[in-house]
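Here's the structure, in structure tokens; my notes come after.
The values are calculated or read from the model by the stated rules, or taken from the named source; none is laboratory data. All values derive from a computational prediction rather than experimental measurement. Ideal geometry is used to build each Cβ from the backbone, glycine not excepted, and the neighbour counts take in all protein chains shown. For accessibility, only protein heavy atoms count, side chains too; no ligands or nucleic acids. Shrake-Rupley method; radii C 1.70, N 1.55, O 1.52, S 1.80 Å.
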Protein chains: 2
Amino acid sequence: MDYERRPDRIYAESFRIIRDEADLSHLPDALHPLAIRLIHACGMVDVASDLRASDDCLDAGRAALAAGAPILCDAEMVARGIIGRALPPDCETLVTLNDGRTPALARDLGTTRSAAAVELWRDRLEGAVVVIGNAPTALFHLLEGLQQGWPRPAVLLAFPVGFVGAAESKQALHDMAPALNLPYATLLGRRGGSAMAAGAFNAISLDLRGDGT
Amino acid sequence: MDYERRPDRIYAESFRIIRDEADLSHLPDALHPLAIRLIHACGMVDVASDLRASDDCLDAGRAALAAGAPILCDAEMVARGIIGRALPPDCETLVTLNDGRTPALARDLGTTRSAAAVELWRDRLEGAVVVIGNAPTALFHLLEGLQQGWPRPAVLLAFPVGFVGAAESKQALHDMAPALNLPYATLLGRRGGSAMAAGAFNAISLDLRGDGT
């Protein structure tokens, strides 16, 4: 069968098509690597129109990783999408969803396991890189905590997906981020998911301008 | 903040919205659970229009799992999206992408690591459940092998995503499946990904009609 087998050509051609087809004119240059990674993760160039982010989100994330910040993810799928070779060796990736304390905490708080898992982030949250790619309730719970004065992460990448709470939680982040003085990136609407969340993270950790994309 | 925190209500409301908004009229009833899981995984009801599948794909997958078939995934993210509690305990999930032999094999074959990893499936392929959620070259390589007489899996769930080869590999599967007598499900076009692939698998392993969805 006739198809492209060379990894470097597949990679380069993917980003060429994205640059050719995607309209990024409404975004500042600093956010183009983020938009391109999101599009690459999902195969849809029009997600760029739903992207909302602070101009400093990639720089804030890079500075945090350079300082050895932990990476807090809401789901194992998100953590698995992170390209490990691009990370400083002292950056720990943490997923507390399957922590032994989470189910009881969820019952006590009257919420989902995903939201309860966020409670277990509190003492690691200061200066962390937070990546939410699945659960709207995890994002809502974190926003409530930040409103109550929890330590502030360096950057919040928020891409929960689905039909109940996803659009609402991401809109809430977009509305609240300026008052919280929180670098962030999110995708308005129902679309999102662990691949896009990991893609956003990889836009931070990979030097995209360095590898020609 | 005012949002739904009850997991069972989130779950039920999600599937209610999907049933309300999605047009599944072009699909046989046997494929509705599959379409609903795909939509649930990505937040887009219109993916149902790109779904192509053999009517027997869920039944074929269920019979294979009941017989203890291995589950072969092209990426760790796919394997992480599989709901383990729904699996028979003797079903092994296998991802060979990070096998120590894969990089050298990729160089020898002149292809991607994802395609080379598929080579390592050969002696587990007979009657297996195959789930591809990332790499078009993995799907192409498997189709080439099947054309050459490799053992036939019980079902092939193929959801590679992206701009180079994704649409082409899935169209090739759709065109070849009848001649190969291969139960399959795929999503035409560029959309796909590990969450949809895992969602399709979970439609097989969960008794969807039993839990009200």
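Can you confirm whether B:Arg52 is basic (Lys, Arg) and closer than 18 Å to B:Ala177 by Cβ?
Numbers: basic (Lys, Arg): yes; closer than 18 Å to B:Ala177 by Cβ: yes.
Criteria met by B:Arg52.
Conditions first: (1) modelled with pLDDT of 95 or more; (2) more than 14 Å from A:Leu156 (Cα to Cα). A:Ile83 passes all but one, so which condition is the exception?
Here A:Ile83 clears every test but (1).
Yes/no per residue for (1) open to solvent by 60 Å² or more (accessible area, probe 1.4 Å); (2) touching a residue at least 24 places away in the same chain (Cβ under 8 Å); (3) touching a Lys or Arg at 6+ places or on another chain (Cβ under 9 Å); (4) more than 10 Å from chain B (Cβ to nearest Cβ):
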site: A:Pro7; (1), (2), (3), (4): yes, no, yes, no
site: A:Ile10; (1), (2), (3), (4): no, no, no, no
site: A:Ile17; (1), (2), (3), (4): no, no, no, no
site: A:Glu21; (1), (2), (3), (4): yes, yes, no, no
site: A:Leu24; (1), (2), (3), (4): no, yes, no, yes
site: A:Leu27; (1), (2), (3), (4): no, yes, no, yes
site: A:Leu31; (1), (2), (3), (4): no, yes, no, yes
site: A:Leu38; (1), (2), (3), (4): no, yes, no, yes
site: A:Ala41; (1), (2), (3), (4): no, yes, no, no
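Test B:Leu97 against the criterion of being more than 21 Å from A:Asp2 (Cα to Cα), hydrophobic (A, V, I, L, M, F, W, C) and assigned to a loop (DSSP other than H, G, I, E, B), and give yes or no.
Values: more than 21 Å from A:Asp2 (Cα to Cα): yes; hydrophobic (A, V, I, L, M, F, W, C): yes; assigned to a loop (DSSP other than H, G, I, E, B): yes.
For B:Leu97, the condition - more than 21 Å from A:Asp2 (Cα to Cα), hydrophobic (A, V, I, L, M, F, W, C) and assigned to a loop (DSSP other than H, G, I, E, B) - is met.
Here are some conditions: (1) farther than 18 Å from B:Asn134 by Cβ; (2) of a type in the set (A, V, I, L, M); (3) out of contact with any Cys (no Cβ under 9 Å at 6 or more places or on another chain). B:Met77 meets all but one. Which one does it not meet?
(1)
Identify the single condition in (1) assigned to a helix (DSSP H, G or I); (2) within 14 Å of chain A (Cβ to nearest Cβ) that B:Thr111 does not satisfy, given that it satisfies every other one.
Among (1) assigned to a helix (DSSP H, G or I); (2) within 14 Å of chain A (Cβ to nearest Cβ), B:Thr111 violates only (1).
Within the stretch B:87-105, identify whether any single residue is open to solvent by less than 10 Å² (accessible area, probe 1.4 Å) and closer than 20 Å to B:Ala200 by Cα, and answer yes or no.
The answer is no; no qualifying residue exists.
State the number of residues belonging to the stretch B:106-130 that are open to solvent by 40 Å² or more (accessible area, probe 1.4 Å) and over 19 Å from B:Leu156 (Cα atoms). Even if it seems obvious, please write down each step before you answer.
Of the residues in the stretch B:106-130, the ones open to solvent by 40 Å² or more (accessible area, probe 1.4 Å) are B:107-110, B:113, B:119, B:122-124, B:126.
Now narrow it down to the ones that are over 19 Å from B:Leu156 (Cα atoms): B:107-110, B:113.
Final tally of qualifying residues: 5.
Name, by its number, the condition in (1) within 23 Å of A:Ile82 (Cα to Cα); (2) in a loop (DSSP other than H, G, I, E, B) that does not hold for B:Pro103.
Among (1) within 23 Å of A:Ile82 (Cα to Cα); (2) in a loop (DSSP other than H, G, I, E, B), B:Pro103 violates only (2).
Looking at B:Pro178, B:Pro151, B:Pro160, which is the one that is assigned to a loop (DSSP other than H, G, I, E, B) and either open to solvent by 20 Å² or more (accessible area, probe 1.4 Å) or at the interface with chain A (Cβ under 8 Å from one of its Cβ atoms) (or both)? Spell out how you get there, then give the answer.
Working: B:Pro178 fails: assigned to a loop (DSSP other than H, G, I, E, B); B:Pro160 fails: either open to solvent by 20 Å² or more (accessible area, probe 1.4 Å) or at the interface with chain A (Cβ under 8 Å from one of its Cβ atoms) (or both).
Of B:Pro178, B:Pro151, B:Pro160, the one residue that is assigned to a loop (DSSP other than H, G, I, E, B) and either open to solvent by 20 Å² or more (accessible area, probe 1.4 Å) or at the interface with chain A (Cβ under 8 Å from one of its Cβ atoms) (or both) is B:Pro151.
Consider B:Glu144 carefully, then state whether it is away from chain A (no Cβ under 14 Å), open to solvent by 20 Å² or more (accessible area, probe 1.4 Å) and either part of a helix (DSSP H, G or I) or more than 24 Å from A:Asp8 (Cβ to Cβ) (or both).
Working: away from chain A (no Cβ under 14 Å): no; open to solvent by 20 Å² or more (accessible area, probe 1.4 Å): yes; either part of a helix (DSSP H, G or I) or more than 24 Å from A:Asp8 (Cβ to Cβ) (or both): yes.
Here the answer is no, as B:Glu144 does not meet what is asked.
Kindly check whether there is at least one residue in the stretch A:98-116 that is within 19 Å of A:Thr186 (Cβ to Cβ), in contact with a His (Cβ under 9 Å, 6 or more places away or on another chain) and of a type in the set (A, V, I, L, M).
Yes, some residue in the stretch A:98-116 is within 19 Å of A:Thr186 (Cβ to Cβ), in contact with a His (Cβ under 9 Å, 6 or more places away or on another chain) and of a type in the set (A, V, I, L, M).
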